[in-house]
Structures are given as structure tokens and as C-alpha cells.
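> First the structure, which I've put down as C-alpha cells, then a few questions once you've had a look.
Since every read-out is calculated from the coordinates, none of them should be taken as a lab result. Since the structure is predicted, the reported quantities are computational estimates derived from the model, not experimental observations. No Cβ is skipped: glycine too gets one built from the backbone with ideal geometry, and neighbour counts run over all protein chains shown.
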Amino acid sequence: MMDSLDDVDFRILEILERNARASFREIAMELGIGVSTVSRRIAAMEEMDIISGYSVKLNYEKLAKEVGLNFFPICFFIRIRPGYEVRRVIEEIAGTEHFEGICYIYHVAGDFEIAAMARCLDRKETTRLVESISKIEGVERVTPHAVLETYKEEVGPKVSVLRKLKNSKS
């Protein structure tokens, strides 16, 4: 599927990555191509599910301060008892009242089976989250780690990195 994308598609994605609200006209002007070309290419990438939506990136620390709160971010690792399915434990976690505070949850390989990241409002909420997960059948251990400072927070690599990799294969 990636072979069907060309340099123009990657450049469109880079612009959208910088500003998901960029208009077709703005993109066309920056790239020196027609608006209908931009529209057609974006529609094709949406159809291919390469573009799966548009969103806003929030600064949660500033947002919390605006309403008089502070976030207490934690990452935590969960060890599952032998014989229990990771998927079932994750479904149980999704059913807890604290699930909305969990930002990321992954099935991982290594010393633990689940890695997750949460933004709690305070230490007490963090304690309640860890305790609620610890009580789930099949959970052997929850190991939380306080986040001291965030240096980078992105879901995936930049489009420019993917474009370079594609071009190096050509």
C-alpha cells in the first residue's frame, strides 16, 4: 500500500501533520499544485485509511491549570498471571471507572505483558487506579512509575521519517 504513495502525497501528509486544519487551497499553494489534485489525493488517502481522522493536540498541563488542576502522569506496567489472557485483562481494565484517565495501553513483550500511560488528577486518583487494576482477576502485579517530566509525546514517527525510508528503498 505504501508503494502507491508518491512524494506529493508525503508532502501533503507533512503539511497536515503540522496543521490538520490546513485548507486544500493552502496545501495546493504551498506545493504549487491544483486544489482539485489535493482534494483527490486526500480523499484517496482517506479511502486507504492512511488518513483516519483529524484531531487537535491539547496541552493537558496548561488545560488542567486553566481549571485549577494539576495532572499527575504515570506510566505503569502490569504482569499477568500464567494462564490468563492479556486481552481479557485489558477488557476488565477498560471497565474500571478510572479507564478514561488512561491515555495509552499496549500489549508488550518483556518482563510485563501490559504497558500503559495515564494522566491522573492527583496521587490519590493514581492510587485508586493502581488498586483497581491490582484487583482484576489475572493481574499478578502493577508497577507504577511517576513521570517527572515530558520531553516528547507523539504517537508515531514523523511523516518525513517515513518518506525518507521509502525513498531509501527506491
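> Return the long-range amide H neighbours of Cys103 (sequence gap of 5 or more, or a different chain), with a cut-off of under 5 Å between placed amide H atoms.
Met117, Ala118, Arg119
> Rg/Rh for the stretch 2-56 to two decimals, with Rh computed the Kirkwood way over all alpha-carbon pairs.
With Rg and the Kirkwood Rh in hand, the quotient comes to 0.92.
> In percent, how large is the relative contact order of the stretch 2-56, given Cα pairs closer than 8 Å and 6 or more residues apart?
It rounds to 30 percent for the stretch 2-56.
> Hey, another quick one. For the chain, take the longest principal axis of its alpha carbons; what is the angle in degrees between that and the long axis of helix 7-18, to the nearest 10 within 0 to 90?
Tilt of helix 7-18: around 50 degrees.
> How large is ³J(HN,Hα) for each residue in the stretch 109-120, as worked out from phi by the Karplus curve 6.51 cos²θ - 1.76 cosθ + 1.60 (θ = phi - 60°), to whole Hz, x for Gly and Pro?
9, x, 5, 10, 9, 10, 10, 8, 10, 9, 10, 9
> Take the alpha-carbon centre of the stretch 1-42, take the same for the stretch 115-170, and report the distance between them in whole Å.
Taking the Cα centre of the stretch 115-170 as reference, the centre of the stretch 1-42 is 31 Å away.
> Mean residue ellipticity at 222 nm from the helices of the chain, using -39,500 (n - 2.57) per DSSP H segment of n ≥ 4 over the full residue count, to the nearest 500 deg cm²/dmol?
It lands at -12500 deg cm²/dmol.
> Oh, and also: What spacing in nm lies between the two simple spin-label points modelled at Tyr84 and Lys164, each 7 Å away from Cα in the Cβ direction?
4.2 nm
> In whole Hz, what ³J(HN,Hα) sequence does the stretch 27-37 give by Karplus (6.51, -1.76, 1.60; θ = phi - 60°), x for Gly and Pro?
So the Karplus estimates, Gly and Pro as x, are 5, 4, 5, 5, 8, x, 10, x, 4, 5, 5 Hz.
> Moving on. Which far-off residues, 5 or more places away or on another chain, put their amide H under 5 Å from the one on Phe72, with H placed in the peptide plane?
Cys120, Leu121, Asp122
> Using all alpha carbons of the stretch 112-167, what is the percent of pairwise distances in each 10 Å bin, ordered from the shortest bin to the longest?
Cα pair-distance distribution for the stretch 112-167, in percent: 16, 36, 24, 16, 8.
> Here's a follow-up. Provide Rg and Dmax in Å for the stretch 60-146, with only Cα atoms included in the calculation.
Rg then Dmax for the stretch 60-146, in Å: 13.2, 46.
> Here's something else I'd like to know. Step through the table entries Lys65/Lys158; Lys65/Lys135; Lys65/Lys152; Lys65/Lys124, compare each Cα-Cα distance with 25 Å, and write down the pairs that go over it.
Lys65/Lys158; Lys65/Lys135, as the Cα separations exceed 25 Å there.
> Output the 0 to 90 degree angle, nearest 10, between the alpha-carbon long axis of helix 159-169 and the longest principal axis computed from the alpha carbons of the chain.
Tilt of helix 159-169: around 70 degrees.
> Normalise the Debye intensity by I(0) for the stretch 16-97, one equal point scatterer per Cα, no solvent, then take log10 at q = 0.16, 0.24 Å⁻¹ and round to two decimals.
-0.85, -1.12
> Dividing the alpha-carbon Rg of the stretch 94-143 by 2.2 N^0.38 Å yields what?
Dividing the Cα Rg of the stretch 94-143 by 2.2 N^0.38 Å gives 1.11.
> So for the chain, Kirkwood radius off the Cα pairs, Stokes-Einstein at 10 °C and 1.306 mPa s: how many µm² s⁻¹?
83 µm²/s
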